[in-house]
1. Could you give every pair whose Cβ atoms fall below 7 Å, whose first residue belongs to region 146-175 and is under 16 Å from residue 206 (Cα atoms), and whose second residue is of a type in the set (Asp, Glu) and open to solvent by less than 30 Å² (accessible area, probe 1.4 Å), counting only separations of at least 6 or pairs across chains?
2. Considering only region 1-41, state which residues are open to solvent by 20 Å² or more (accessible area, probe 1.4 Å) and among the charged types (D, E, K, R).
3. Of everything in region 162-179, what is open to solvent by 80 Å² or more (accessible area, probe 1.4 Å) and part of a helix (DSSP H, G or I)? Give them in sequence order.
4. Quick one: in region 61-70, of everything that is at pLDDT below 75 and open to solvent by 50 Å² or more (accessible area, probe 1.4 Å), which residue is nearest to residue 43 (Cα to Cα)?
5. Cβ-Cβ below 9 Å, separation at least six or inter-chain, first residue in region 193-209 and free of Cβ contacts under 8 Å to residues at least 12 places away in the same chain and open to solvent by 70 Å² or more (accessible area, probe 1.4 Å), second of a type outside the set (Lys, Arg) and outside any helix (DSSP H, G or I): which pairs?
6. For residues in region 91-113 being part of a helix (DSSP H, G or I) and surrounded by fewer than 22 Cβ atoms within 10 Å (Cβ to Cβ), which is nearest to the chain's Cα centre (by Cα)?
7. List every residue pair whose Cβ atoms sit under 8 Å apart, with the two residues 6 or more apart in sequence or on different chains, where the first one lies in region 23-49 and is more than 16 Å from residue 13 (Cα to Cα) and assigned to a helix (DSSP H, G or I) and the second, anywhere, is modelled with pLDDT of 90 or more and of a type in the set (A, V, I, L, M).
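The values are calculated or read from the model by the stated rules, or taken from the named source; none is laboratory data. It should be emphasised that the depicted structure is a prediction, and the values quoted were computed from it without experimental measurement. We place every Cβ from the backbone using ideal geometry, glycine too, and count neighbours over all the protein chains shown. Note: accessible area is taken over every heavy atom of the protein model, side chains too, but ligands, DNA and RNA are not part of it. Shrake-Rupley method; radii C 1.70, N 1.55, O 1.52, S 1.80 Å.
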Amino acid sequence: MLSFHEILVRLLFAGALGATIGVERDIRRRPAGIRTSMFVCMATALFTILSGELGHLWNDSGSTRIASNIVQGIGFLGAGAILRDAAGVVGMTTAATIFVEAAIGMAVGGGFYAIAAVAAVTVLFALVVLWWVADRFGIKGNFMVFRLTTSNADSVATEVQRLLAGMKVTMQHFRVSMLGTQSIVEFEADVSHHQQILIVDQFRREGVTTEVVPVESRHG
């Protein structure tokens with residue numbers, strides 16, 4: 001049987017690892033931030049601890065049943081983070097992060113501190129460093145909203161269409177609207193970091209204001 005001190009240490013360690021991963025999710029304004037990540041790790045750690053402790057208490061050789069059901073249960077939580085919108089399917093990384101957080105919590109609950117810590121560091125490396133590499137070198141595109149405010153909508157709209165056709169970038173939801181005396185040319189496109197910079201640089205001139213935001217930020 002584990003002592004109260006040992007159980008407390010495991011729960012706090014699991015919560016700390018989960019919260020650390022959650023910080024990155026909150027910084028990127030993604031679901032499953034600090035509190036959710038901390039709770040996932042702590043809950044799975046506690047379930048794992050209870051699974052073993054209750055097995056010893058009741059002399060039950062099938063004490064892994066609780067732990068095995070965690071894998072099924074965590075799937076429902078992860079599925080809630082996956083959405084389909086104009087950008088296609090989003091939230092897969094968050095769902096996968098929740099899944100691995102559950103594994104980290106179970107590892108801590110089982111007393112495998114070093115393994116859990118290494119797994120948490122690996123997750124953070126993937127979320128921070130690999131994301132930067134993919135974004136910097138255009139390995140993976142981002143669905144962005146481009147909003148150009150100008151007094152010469154016809155010219156800018158034509159230039160946008162010509163530029164993106166030359167870049168072989170497909171636009172979605174292209175529209176022109178009025179805001180007082182100004183016109184707004186707005187469109188959505190899946191672009192790499194390099195392509196985004198090219199588009200912004202193309203319209204960096206007097207009389208044109210360019211805004212770029214991720215599609216998920218625009219949709220709340």
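1. Within 7 Å, the pairs are 147/186.
2. 6, 10, 26, 28, 29, 30, 35
3. Selection gives 162 alone.
4. Among those residues, the one meeting the criterion is 66.
5. Pairs that qualify, where the first residue is free of Cβ contacts under 8 Å to residues at least 12 places away in the same chain and open to solvent by 70 Å² or more (accessible area, probe 1.4 Å) and the partner is of a type outside the set (Lys, Arg) and outside any helix (DSSP H, G or I), are 204/210.
6. By that ranking, first place goes to 93.
7. As it stands, the answer is 24/124; 24/127; 24/128; 25/34; 25/127; 26/34, since those pairs meet every condition given.
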